[in-house]
Structure formats: C-alpha cells, structure tokens
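> Submitted below is the structure of interest, expressed as structure tokens.
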Amino acid sequence: NVQFDYLEGRIRSRLEDRDLVNLVQIGAPDYRNPISDLRYHELSDLDRHPDKTFQTFNLRKDESLSKEDRDSLIKAHKEAEAFAKEPKGWLVLKGAYGTGKTHLAAAIAHYLANHHQEAMFLSVPDFLDELRSTFNPNSLVSMSTKFQEAKDAPVLVLDDLQTRSMTPWVREKIHQLISYRFDKKLPTVITTTETGAEMDERIQSRLKYSGFCVNLGITVPSYPGITNSKKISTQPKRT
C-alpha cells in the first residue's frame, strides 16, 4: 500500500520486472473511509488542522472592527468558499499572522476532501524540511519524487509562503514549484504575510497575473490572544 519509490531498492527492482510481474494500480480510495486517502497524503499537513472548516471560521461579528477590516474578512471567506466549490486559477490570501488565512486555506482542503477531490495542504517550512530530509543517505525516497508529488497535486495549498529569508537553494525550489503549476494552470492556494514589494520578484510576477490569480488582503488585526506583528494594508481586490 505504498508507492514503489518508498520501497527498498532490491524489492522494488523485482516488483518492476515486466517479464514476471503484471502491475495493476488501484487508484480508488479506501471504501471503508473514502475520504481518508484524499485528506491525509503523506506530505500533507492537513491533519494538523482538523477543526479548520468554513463552518468553524469566525467572522468576528461580535468585535468592533472597521468596515474596511470586516469587509476584507467577509470577502476572503466568500472567495475561499467559491474556490473550494470550483477550484480554478489561483487564490492568494495575504495578511498578518493570526488573521485567518491558514484557517481558510485548510477549510478549502477539507471541503475538497469531503467531496472526494484531492487537495494537498503543505506548510511551506515543513515541506522544505521534508525535501532536505531526502539528503540523508538512508532516505527511502528521492527529493525529486516528493517534489514532483507537490508539483502535480490536483489542488495544492501552500501555507505560510515567505520569500524574504530564503536561501538561494530554497528560493529556486519554490520558484520551480510555482512556475510549474503556473505554466500548467493547476489550481493553487497560497497564504503569505508578505506584500508585493517584499516578495521575490519572479514569484510576485506570477501572483499578479491578471485573470488567473485572485489576490485578497485580510486587513483585520490578529484574533484576540494572537500577537499581530504586522498589518497588511492591501485592499481586497481581484487582479
């Protein structure tokens, strides 16, 4: 029940002997729990956010927010729901930490899984750690295999994308991932605290592509109890 790339090399080579083995790939999900395979891919971090759904998202109606802030939150919630129901193009959620970006991104992935569609939810820092782990000589899977899984995901959620402090190697890998999905027009959700001026220019140029990417700035302060180190002033808009 694992991909061949994860098997020990000597076993894999025998199972791939075409003169001896008839390989049949069964792509159906577990009939006992048909959404489990879609929700919990080995690379996915969605299991860390089991309660983040559209139903549990707090629109903060009981708080004193400015009209601009409240409208930005409502707009982000509506656009996220619309994307989940019909995942096309890219959805980019920008805002300070603790404003609900990750909640909405996870809600999209949960919605798709509940409707038998595959969505891979990746925390960018953790995903990069996964790629680095393949440098270990004892790793049973190559970096290219894990990287390709993310590149080809039917719907990919990249949570907490930060380009300011990236090393050249990390910057290049993220650029490759985003360029690949952009060129193939694969549905993608990105959350970030970075404004356009702070983001890597090559990545920024793709996120601004008119008619394909929806950029939304969530301007509300952090939820009570969460430190808000920075407020993004981007107006909710379609670019």
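> Looking at segment 4-15, is at least one residue at pLDDT 90 or above, open to solvent by less than 60 Å² (accessible area, probe 1.4 Å), on the phi < 0 side of the Ramachandran plot and in a loop (DSSP other than H, G, I, E, B)?
No - not one qualifying residue is present in segment 4-15.
> So which residues in segment 85-99 are farther than 17 Å from residue 194 by Cβ and touching a residue at least 12 places away in the same chain (Cβ under 8 Å)?
The initial filter retains those residues of segment 85-99 that are farther than 17 Å from residue 194 by Cβ, namely 85-89.
The answer is 85, 87, 88, 89.
> Enumerate the pairs (first residue in segment 186-197 and in a strand (DSSP E or B); second residue anywhere and among the polar types (S, T, N, Q)) with beta-carbon separation below 8 Å, excluding pairs fewer than 6 apart on the same chain, so at least 6 apart or on different chains.
191/102; 192/162
> Could you check how many residues of segment 65-95 are small (Gly, Ala, Ser), over 14 Å from residue 155 (Cα atoms) and surrounded by 20 or more Cβ atoms within 10 Å (Cβ to Cβ)?
The total comes to 3.
> Then there's this: Going through segment 125-172 one residue at a time, which ones are among the β-branched types (Val, Ile, Thr), assigned to a helix (DSSP H, G or I) and either at pLDDT 90 or above or under 25 Å from residue 197 (Cβ atoms) (or both)?
Taking segment 125-172 as the starting set, the residues that turn out to be among the β-branched types (Val, Ile, Thr) are 134, 141, 145, 155, 157, 163, 167, 170.
Now narrow it down to the ones that are assigned to a helix (DSSP H, G or I): 145, 170.
Across segment 125-172, the qualifying residue is only 170.
> Next question. For the structure I just gave you, tell me whether residue 229 is in a loop (DSSP other than H, G, I, E, B) and either modelled with pLDDT under 85 or under 25 Å from residue 151 (Cα atoms) (or both).
Working: in a loop (DSSP other than H, G, I, E, B): yes; either modelled with pLDDT under 85 or under 25 Å from residue 151 (Cα atoms) (or both): yes.
When the stated conditions are applied, residue 229 passes them.
> Collect the residues in segment 130-139 that are under 23 Å from residue 151 (Cβ atoms) and open to solvent by 60 Å² or more (accessible area, probe 1.4 Å), keeping them in residue-number order.
From segment 130-139, those under 23 Å from residue 151 (Cβ atoms) are 130-136, 139; that's our starting set.
Selection gives 130, 132, 135, 136.
> Quick one: in segment 105-129, of everything that is of a type outside the set (Asp, Glu) and free of Cβ contacts under 8 Å to residues at least 60 places away in the same chain, which residue is most open to solvent (accessible area, probe 1.4 Å)?
Taking segment 105-129 and keeping what is of a type outside the set (Asp, Glu), we get 105-117, 119-125, 127-128.
So of that shortlist, the ones also free of Cβ contacts under 8 Å to residues at least 60 places away in the same chain come out as 107, 111, 115, 124-125, 128.
Numbers: 107: 2, 111: 60, 115: 94, 124: 5, 125: 58, 128: 14 Å².
Checking each candidate, the answer is 115.
> Pull out all pairs, ordered by first then second residue, where Cβ-Cβ is under 8 Å, the residues are six or more apart or on different chains, the first lies in segment 142-153 and is touching a residue at least 24 places away in the same chain (Cβ under 8 Å) and farther than 14 Å from residue 175 by Cα, and the second is in a helix (DSSP H, G or I) and open to solvent by less than 30 Å² (accessible area, probe 1.4 Å).
Within 8 Å, the pairs are 146/131.
> Can you find a residue that is of a type outside the set (Gly, Ala, Ser), within 28 Å of residue 62 (Cα to Cα) and out of contact with any helix residue (DSSP H, G or I) (no Cβ under 9 Å at 6 or more places or on another chain) anywhere in segment 210-223?
Checking segment 210-223: at least one residue is of a type outside the set (Gly, Ala, Ser), within 28 Å of residue 62 (Cα to Cα) and out of contact with any helix residue (DSSP H, G or I) (no Cβ under 9 Å at 6 or more places or on another chain).
> Just checking, does segment 73-87 include any residue being among the acidic types (Asp, Glu) and touching a strand residue (DSSP E or B) at 6+ places or on another chain (Cβ under 8 Å)?
Step one: filter segment 73-87 for residues among the acidic types (Asp, Glu), giving 79, 81, 86.
Next, from what is left, pick out any that are touching a strand residue (DSSP E or B) at 6+ places or on another chain (Cβ under 8 Å): 79.
Yes - at least one qualifying residue is present in segment 73-87.
> Restricting attention to segment 125-169, and to residues there that are hydroxyl-bearing (Ser, Thr, Tyr) and within 20 Å of residue 207 (Cβ to Cβ), which single residue is farthest from the chain's Cα centre (by Cα)? Spell out how you get there, then give the answer.
We begin by selecting, within segment 125-169, every residue hydroxyl-bearing (Ser, Thr, Tyr); these are 133-134, 139, 142, 144-145, 163, 165, 167.
Then drop every residue that is not within 20 Å of residue 207 (Cβ to Cβ), which leaves 163, 165.
Working: 163: 15, 165: 19 Å.
Here the answer is 165.
> What do you reckon, is residue 214 closer than 20 Å to residue 42 by Cβ, open to solvent by less than 40 Å² (accessible area, probe 1.4 Å) and not in a helix (DSSP H, G or I)? Don't jump to the end; show me each part of the working.
Values: closer than 20 Å to residue 42 by Cβ: no; open to solvent by less than 40 Å² (accessible area, probe 1.4 Å): yes; not in a helix (DSSP H, G or I): yes.
For residue 214, the condition - closer than 20 Å to residue 42 by Cβ, open to solvent by less than 40 Å² (accessible area, probe 1.4 Å) and not in a helix (DSSP H, G or I) - is not met.
The values are calculated or read from the model by the stated rules, or taken from the named source; none is laboratory data. Owing to the predicted nature of the structure, the values given are computational and were not obtained by experimental measurement. Neighbour counts run over all protein chains shown; Cβ positions are idealised from the backbone, glycine included. Side chains included, ligands, DNA and RNA excluded: accessible areas come from the protein's heavy atoms. Shrake-Rupley method; radii C 1.70, N 1.55, O 1.52, S 1.80 Å.
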